[in-house]
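Here the structure is laid out as structure tokens; the discussion comes afterwards.
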Amino acid sequence: MMMRIGHGYDVHACGQGSYIVLGGTRIECGFSLIAHSDGDVVLHALCDALLGAAGLGDIGRHFPDTDAQFQGVDSRILLRAVVSKLVEKGWRVGNVDITVVAQAPRLSDFIGSMEEHIATDLGVEVSAVNVKATTTEHLGFEGRSEGIASHAVALIVQGGVSP
């Protein structure tokens, strides 16, 4: 069985607003993330990890921020489109591991919801999705609450359809 891994990273700056979306989950927090789409750094990093593992470039190649059709788009739509591209190339998702880097808001209460949304969109069991959150102990742009970042690692395997 052939397997491949990919890594993705995304970051968005904090701006005016009342909520953010991470892992497809809306989180009320008193600010928003500045982005062309919904700013979901978790799903953007995951899309890059999956595309990279399959050798299909990155999220910007497939969903450019210069294209008006992606203005404000729900990133879950983008993730499902990426999964379709993988299946077309004969790949399925094995598992994913994601780290969100944010000083605020506290994310522990939202991890389960993120994992469920991601598993649904990937077509895998929730046990194949791991999301964790960390702070930078007030260091760097994340620690100063100027932005939120996310790293994702994905394993894909030959076989077309996700389990």
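Determine if region 85-101 includes at least one residue that is in contact (Cβ under 8 Å) with a residue 24 or more places away in the chain, out of contact with any helix residue (DSSP H, G or I) (no Cβ under 7 Å at 6 or more places or on another chain), over 19 Å from Gly57 (Cβ atoms) and of a type in the set (Phe, Trp, Tyr).
Looking for residues that are in contact (Cβ under 8 Å) with a residue 24 or more places away in the chain, out of contact with any helix residue (DSSP H, G or I) (no Cβ under 7 Å at 6 or more places or on another chain), over 19 Å from Gly57 (Cβ atoms) and of a type in the set (Phe, Trp, Tyr), one finds none in region 85-101, hence no.
Report those strands (runs of 3 or more DSSP E) wholly inside region 1-59 carrying at least 1 residues which are over 17 Å from Gln71 (Cα atoms) and in contact with a Gly (Cβ under 8 Å, 6 or more places away or on another chain). Give the steps one after another, and end with the answer.
Values: elements: 3-15, 19-22, 25-28.
Here the list reads 3-15.
Which of the numbered conditions does Ser127 fail, given that it passes all the others? Conditions: (1) within 14 Å of Leu155 (Cβ to Cβ); (2) buried (at least 16 other Cβ atoms within 10 Å of the Cβ).
Ser127 satisfies all of (1) within 14 Å of Leu155 (Cβ to Cβ); (2) buried (at least 16 other Cβ atoms within 10 Å of the Cβ) except (2).
So if I check each of His36, His62, which one is more than 26 Å from Thr134 (Cα to Cα) and modelled with pLDDT under 95?
From the options His36, His62, the qualifying one is His62.
When only residues in region 4-43 that are free of Cβ contacts under 8 Å to residues at least 40 places away in the same chain and hydroxyl-bearing (Ser, Thr, Tyr) count, which is surrounded by the fewest Cβ atoms within 10 Å (Cβ to Cβ)?
The residue in question is Ser18.
With respect to Leu46, determine if the residue is closer than 18 Å to Ala35 by Cβ, crowded, with 18+ Cβ neighbours inside 10 Å, modelled with pLDDT of 95 or more and in contact with a Leu (Cβ under 8 Å, 6 or more places away or on another chain).
yes
Out of curiosity, is Ala149 surrounded by fewer than 21 Cβ atoms within 10 Å (Cβ to Cβ), under 15 Å from the mean Cα position of the chain (by Cα) and not aromatic (Phe, Trp, Tyr)?
Yes, satisfied.
Mind telling me which of the residues Arg106, Arg76, Arg92 ends up being over 15 Å from the mean Cα position of the chain (by Cα) and surrounded by 16 or more Cβ atoms within 10 Å (Cβ to Cβ)?
The unique qualifying residue is Arg92.
Would you confirm, using the coordinates I've provided, whether Ile148 is hydrophobic (A, V, I, L, M, F, W, C), assigned to a helix (DSSP H, G or I) and in contact with a helix residue (DSSP H, G or I) (Cβ under 9 Å, 6 or more places away or on another chain)?
No.
The values are calculated or read from the model by the stated rules, or taken from the named source; none is laboratory data. Note that this is a predicted model, so its numbers are computed, not measured. Backbone-built Cβ (ideal geometry, glycine too); neighbour counts: all protein chains shown.
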